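Undergrad: Could you have a look at this structure, given as structure tokens, before my questions?
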Amino acid sequence: MADFLQTLMTALAIGSLYALIALGYTMVYGVLKFINFAHSDIVVLGAWLSYSFAIRALPLVGLDAHNPTTPPPIWMTAGIFVAVLALCSLAGFLIERLAYRPLRRAPRLNVLITAIGVSLLLQNVGQLDFVFGASPQKMPALLPNWELLRIPFGQGESIRYVVLPLIDCIIFAVSGLLMLALELLIFRTKFGTALRAVSFNTDFAALMGIPVDRAISLTFMLGSALAGAAGFLYVLKFPSMNQPAHSVWVLLGLKAFVAAVVGGIGNVRGAVLGGFIIAFVEQFGAYYISSNYRDVYVFSLLILILLIKPTGLLGSPVREKV
Amino acid sequence: MPTCFATSDSESCISLARDKAPTCLTKSTTSLRQFLRLSKVVGIFLLAVTSLTSLGCQSRVASTDEIVIGHFGSITGSEATFGISTDRGIQLAIEEVNAAGGVNGKKVRLITYDDKGDPREAGSAVTRLVTRDQVTAVLGEVASGLSLAAAPICQENGVPMISPSSTNPKVTQVGDMIYRVCFIDPFQGSVCAKFARENEKIKATKAAILCDQTAPYSVGLQEEFEKAFIAGGGTIVSKQAYQAGDQDFSAQLTSIRASEPEVIFIPGYYTDVGNIALQAKKLGLKVPMLGGDGWDSAKLGQIAGDALNGCYYSNHYSHEDPSPRVQNFIKLYQGKYQETPDGLAALGYDAARILFNAMKTAPSLSGKDIAAELAKTTGFEGVTGVISMDANRNPVKPAVILEMKDGTPRYVATIAPGE
């Protein structure tokens, strides 16, 4: 029972992160019909920017940059968060403007290959010494190390605790808020209507007077901001950070991509659902079956979904345009 | 698509689409643009070729009065201290031999390439050392997976390679050009199993294993430990795996917690081990952990702090060893780098000195002659013990067990082969 609850809580926190990243994949696919492979590198950018900001901001309030004894004031943490979001959406805007927009009318394969190129470029630029460097770093703690819950199960020697750290709650709450905001933005605002129109049919949307390029830019900025948020929350939960080109980051992006496909790529609610499903399959599979195959469960699920319902759980069948 | 695009090729179509007002281009401007683009490409190509050849020429000029040896190691990445320590050990040995007049009157020069702890980078670094820099011998790597990536390249090109600290048996099985100066995992695994079974503080009969399934070192050591532990009368109650660089170990650790082991064997590298220890502490897991020489880094204590108190690992040497050859080395190393050498620095030093020893007696500096001399090494007094190569090019040496106390490793015991 204790282990079940613990696994459940971890799955919820990690599922929120997958969902945040999956949203970026799914939004870009919804509008441009291509997979933005550079998206996982925006997560890395968010993570490493959080680190760079943190080690520069902490000395300002008289704390040690790498091992602060107490967490910084909450406005500083929030400030770093906002700055990371802003810079990540700027990066998303620039990538779209410089790499993808010139290929707007090119065959889709060209854009796809460009996306892989952009991803490799970002990974390797990130490893340069004057950018982030190629060594792992430890993220200083920006939040108090509280445990909101510590429930004992069993007695004596075999006593086990279910621990709910503050950071897990914050991940869950912040990503929930961001997803809610996105949902409102897409379904309740004029901009959202424009976005859906572009996604439905780009040419007709343009004929209706919708500024297509601006809508696409905004899609990239929104998706990248969510990815930046995921990067920030990820390093707060797992403070020992791998170097920017480490395969773990690629795998993180890949799993979020699987989440988007499982939920139905192009569907915003599907991405959130997919994120949680992937995290549950991964965590419970690792606990109850074997941790040797934790990635196997995720990708087997992908194959299964593609066989049974190729459009994903919430995706609607799309007729191939002629 | 407007008809005016129909005559031009697909490339100019893109450039037209980029200009928002689609106007018809006459053929002549199109070809002019193509010509300009072509000349740009040719220019870049020529520039690249000239710079490459000039680089190549520079490095190929090897003067006859020096010996160039290569080192590939993880100077950056998750195992950065492995490469840095090894490189420092090698540099120290080179400084020493050059101060004493070099090898047979020739000065030794070292070329070091960073492989970032990535097998692909290791392969290209060694290819570069062997083919472009044409080194006489190669030293490296620490991680067995990276040595395995590089060894076939050295073997094919007939360049002797000495791995200072790759313990997986497969490394030297690649061929007769590949040597090492450390013990191998069948021995290390049995040392760990014996210690877990017999140490007063552990006396374990039930062990759990958490292994890095992406590292040949970790998988190999895990198998050897399992074999030896079961042969000694123990049982393995849980076998879990992670991948190098993983951040979340909660599923594995909760699973291990449920199986109630008396010791957890973690044959991983220090960065991951540090993270595992921190998360195990958060989960309230108080079982002692045990590992191999992959733990050997000052960073381990910095990452894990007191989360590893009461945990043990096997290693090649202890800086607390009072014997004069160890203490002299430590004094030399501290004089140059202002830090206490870890086992990898000591092995790097030994690897370089064994190489110079073989070069001194070899009839020529060809790969074959050096390798033949290396195979004859017997009773070489190294910092990490007396080194004699066996028929499989592996030395037979004792191991030490260290205990983590508030972030620093302290000497506990020495276990010799055959004990």
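Undergrad: Could you list all residues from the stretch A:84-112 that are of a type in the set (A, V, I, L, M), within 14 Å of chain B (Cβ to nearest Cβ) and surrounded by 14 or more Cβ atoms within 10 Å (Cβ to Cβ)?
TA: Narrowing the stretch A:84-112 to residues of a type in the set (A, V, I, L, M): A:84-87, A:90-91, A:94-95, A:98-99, A:103, A:106, A:109, A:111-112.
From what is left, the residues that are within 14 Å of chain B (Cβ to nearest Cβ) are A:98-99, A:103, A:106, A:109, A:111.
Residues satisfying the conditions are A:ALA99, A:LEU103, A:ALA106, A:VAL111.
Undergrad: Can you report the number of residues in the stretch A:137-163 which are more than 10 Å from chain B (Cβ to nearest Cβ), under 22 Å from the mean Cα position of the chain (by Cα) and part of a strand (DSSP E or B)?
TA: 1
Undergrad: Now for a different question. Among the residues that make up the stretch A:123-144, is at least one of them within 28 Å of A:ARG214 (Cβ to Cβ), surrounded by 13 or more Cβ atoms within 10 Å (Cβ to Cβ) and at pLDDT below 95?
TA: Yes, there is a match, as at least one residue in the stretch A:123-144 is within 28 Å of A:ARG214 (Cβ to Cβ), surrounded by 13 or more Cβ atoms within 10 Å (Cβ to Cβ) and at pLDDT below 95.
Undergrad: Taking the stretch B:389-419, which residues are outside any strand (DSSP E or B) and surrounded by 14 or more Cβ atoms within 10 Å (Cβ to Cβ)? Write out each step before concluding.
TA: Going through the stretch B:389-419, the residues outside any strand (DSSP E or B) turn out to be B:390-394, B:396-398, B:406-407, B:416-419.
Across the stretch B:389-419, the qualifying residues are B:ARG393, B:ASN394, B:VAL396, B:LYS397, B:PRO398, B:GLY407.
Undergrad: Confirm whether A:GLN283 is surrounded by 24 or more Cβ atoms within 10 Å (Cβ to Cβ) and assigned to a loop (DSSP other than H, G, I, E, B).
TA: On the way: surrounded by 24 or more Cβ atoms within 10 Å (Cβ to Cβ): yes; assigned to a loop (DSSP other than H, G, I, E, B): no.
When the stated conditions are applied, A:GLN283 does not pass them.
Undergrad: Can you run down the residue pairs with Cβ atoms below 6 Å, 6 or more apart or on separate chains, where the first is in the stretch B:116-129 and outside any helix (DSSP H, G or I) and the partner is surrounded by fewer than 18 Cβ atoms within 10 Å (Cβ to Cβ)?
TA: Cβ pairs passing all conditions: none.
Undergrad: Continuing with the same structure: Give the residues of the stretch A:16-57 that are small (Gly, Ala, Ser) and under 14 Å from the mean Cα position of the chain (by Cα), sorted by residue number. Talk me through it step by step, then tell me what you get.
TA: Taking the stretch A:16-57 as the starting set, the residues that turn out to be small (Gly, Ala, Ser) are A:16, A:19, A:22, A:24, A:30, A:38, A:40, A:46-47, A:50, A:52, A:54, A:57.
Scanning the stretch A:16-57 gives A:SER16, A:ALA19, A:ALA22, A:GLY24, A:ALA38, A:SER40, A:GLY46, A:ALA47.
Undergrad: Here's another thing I want to ask about it. Output the residue which, of all residues in the stretch A:200-246 that are of a type outside the set (Val, Ile, Thr) and touching a strand residue (DSSP E or B) at 6+ places or on another chain (Cβ under 6 Å), is nearest to the other protein chains (Cβ to nearest Cβ). Spell out how you get there, then give the answer.
TA: As a first pass, look at the stretch A:200-246 and keep what is of a type outside the set (Val, Ile, Thr): A:200-201, A:203-209, A:211, A:213-215, A:217-218, A:220-234, A:236-246.
Filter once more, so that each one left must be touching a strand residue (DSSP E or B) at 6+ places or on another chain (Cβ under 6 Å): A:239-241.
Numbers: A:PRO239: 9, A:SER240: 5, A:MET241: 9 Å.
This residue is A:SER240.
Undergrad: Could you grab me the full set of residues in the stretch A:156-210 that are within 23 Å of A:LEU273 (Cα to Cα) and of a type in the set (Gly, Ala, Ser)?
TA: Residues satisfying the conditions are A:ALA173, A:SER175, A:GLY176, A:ALA181, A:GLY192, A:SER199.
Undergrad: Also, quick follow-up: Return the residues of the stretch A:1-56 that are of a type in the set (Val, Ile, Thr) and not in a helix (DSSP H, G or I); say none if nothing qualifies. Spell out how you get there, then give the answer.
TA: Initially, the stretch A:1-56 is screened for residues of a type in the set (Val, Ile, Thr), giving A:7, A:10, A:14, A:21, A:26, A:28, A:31, A:35, A:42-44, A:55.
Once the filter is applied, which keeps residues that are of a type in the set (Val, Ile, Thr) and not in a helix (DSSP H, G or I), the stretch A:1-56 yields only A:ILE35.
Undergrad: Would you mind stating whether A:PRO211 is in contact (Cβ under 8 Å) with a residue 60 or more places away in the chain and surrounded by fewer than 23 Cβ atoms within 10 Å (Cβ to Cβ)? Even if it seems obvious, please write down each step before you answer.
TA: Values: in contact (Cβ under 8 Å) with a residue 60 or more places away in the chain: no; surrounded by fewer than 23 Cβ atoms within 10 Å (Cβ to Cβ): yes.
No; evaluated as a whole, the condition is false for this residue.
Undergrad: Looking at the stretch A:262-274, can you tell me whether even one residue there is within 26 Å of A:GLN6 (Cβ to Cβ) and either more than 14 Å from the chain's Cα centre (by Cα) or outside any helix (DSSP H, G or I) (or both)?
TA: yes
Undergrad: Among the residues of the stretch A:247-275, what is the count of those that are touching a residue at least 40 places away in the same chain (Cβ under 8 Å) and within 11 Å of chain B (Cβ to nearest Cβ)?
TA: Within the stretch A:247-275, the subset touching a residue at least 40 places away in the same chain (Cβ under 8 Å) is A:249-275.
In the following step, the residues that additionally are within 11 Å of chain B (Cβ to nearest Cβ) were identified as A:249-252.
The qualifying residues number 4.
Undergrad: Restricting to the stretch B:227-275, what's the tally of residues that are assigned to a helix (DSSP H, G or I) and away from every other protein chain (no Cβ under 14 Å)?
TA: Residues of the stretch B:227-275 assigned to a helix (DSSP H, G or I): B:227-231, B:250-258, B:270-275.
In the following step, the residues that additionally are away from every other protein chain (no Cβ under 14 Å) were identified as B:227-231.
Total satisfying the criteria: 5.
Undergrad: Are any residues in the stretch A:2-36 among the aliphatic types (A, V, I, L, M), in contact with a Phe, Trp or Tyr (Cβ under 6 Å, 6 or more places away or on another chain) and over 24 Å from A:SER224 (Cα atoms), and if so, which ones?
TA: Hit for the stretch A:2-36 is A:ALA2, nothing else.
Undergrad: Consider A:SER119 carefully, then state whether it is under 30 Å from B:ALA80 (Cα atoms), of a type in the set (Ser, Thr, Tyr) and within 14 Å of chain B (Cβ to nearest Cβ). Spell out how you get there, then give the answer.
TA: Details: under 30 Å from B:ALA80 (Cα atoms): yes; of a type in the set (Ser, Thr, Tyr): yes; within 14 Å of chain B (Cβ to nearest Cβ): no.
In short, no.
The values are calculated or read from the model by the stated rules, or taken from the named source; none is laboratory data. In this text the structure is predicted, and so the values were computed from the model without any measurement. FYI the Cβ positions are ideal-geometry reconstructions off the backbone, even for glycines, and counts take in every protein chain you see.
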